[in-house]
Amino acid sequence: MIAATNGSSGINAEYGVPQVNKTTLFFSVIKEGYKLSKVQSDDSNFDYLDLAKREYGGNFHREDVEAVKALLRLIPILSFYVIYFVLYSQMHTTFYIQGLFMKTPRYFPYAGAEAVNNLTIMLLIPLVIFVVYPACRPLSPILKTQIGFAVMALAIVTAGIVEYFRIFFSDATLNNAVMKELHLFSRGGIHLVQSLEYYIRFPQYILVAVSEVFVVIVGLKVTYFEAPKYFKSVAMSFFYAFNALGTFVAAIIYLLTQVITYYIGNGHGWICQDLNVGKMHYYFYMIAGTMIVNMVLLCFKSSRFEDNLRKDHNLTR
């Protein structure tokens, strides 16, 4: 969030633009346009932001107002990324917790599975540059994003299936050699580590990496090239702000799921300190469902978004 705030200063020395705070300019244009719209007649055919232009009685240049309008067209598109980052954050939270309850060798750290995600992205780079992107060139950015959303939903469903079988293969009579003392949520306790091996989780990390190729890279490209050249830093800060918002929303969903299912289940919620008595796979299926709803809504809005993207001739497909 600090990086996003710093980036939103909007100083673009490479274009020789005066060092004006573009974030202040962005909100000032919106404020003045809204203010002037209140004193205009109801039959006005102008967009309220156009009223901030000097030729219509405002205090801002036409170029600045049009740049703000272009940025505002980005926000509805970027809002659909919030749910994606809700699911993406599971890789650092629930995926990790899931691994604590699986058989893991001493030489392999519990968080080491995230390296699978990073290695997959590194291996995919040549394939993406020379094969995937040329083959997908006819596809619109929105359609590429939809593909990434679908792969992310599949990754979360895969995690749910792994969690279901992890619980299914639990055995309270296992030898004490598979008993470990784990410290979760700042409290210690003895938990049974299941017989499933740690590498069973690798497919879900690989699928997350594939989704990043279609969603994050395409999202950054669209955000950068759609934004006016004097406001690119502001546009990029919007992208990372929605990324951060997704993480906060994920934390809220996680907490609400814990509380609500705890009371509904009479003390046995979906996500417990001891996952062996929980049903975290239901949580995975639930958030995967939110992504499916997100995809459906994006389908209804895709034609409008494509029209918005075509309005900027600097956008590269």
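The values are calculated or read from the model by the stated rules, or taken from the named source; none is laboratory data. What you see is a predicted model; the values in this text were computed from it and never measured. Quick reminder, even Gly has a Cβ in these numbers, built from the backbone with ideal geometry, and neighbours come from all protein chains shown. All accessible areas refer to the heavy atoms of the entire protein, side chains included, with ligands and DNA or RNA removed. Shrake-Rupley method; radii C 1.70, N 1.55, O 1.52, S 1.80 Å.
Every listed requirement among (1) small (Gly, Ala, Ser); (2) over 16 Å from VAL86 (Cβ atoms); (3) part of a helix (DSSP H, G or I) is met by ALA241 save one, (2).
Of the residues making up segment 161-175, not one is part of a loop (DSSP other than H, G, I, E, B) and modelled with pLDDT of 85 or more. Among the residues of this structure, ALA235 counts as one that is of a type in the set (A, V, I, L, M), under 27 Å from PRO134 (Cα atoms) and either in contact (Cβ under 8 Å) with a residue 24 or more places away in the chain or in contact with a Phe, Trp or Tyr (Cβ under 9 Å, 6 or more places away or on another chain) (or both).
Selection within segment 255-270: residues that are part of a helix (DSSP H, G or I) and open to solvent by 40 Å² or more (accessible area, probe 1.4 Å). The member of this set that is nearest to HIS281 (Cα to Cα) is GLN258.
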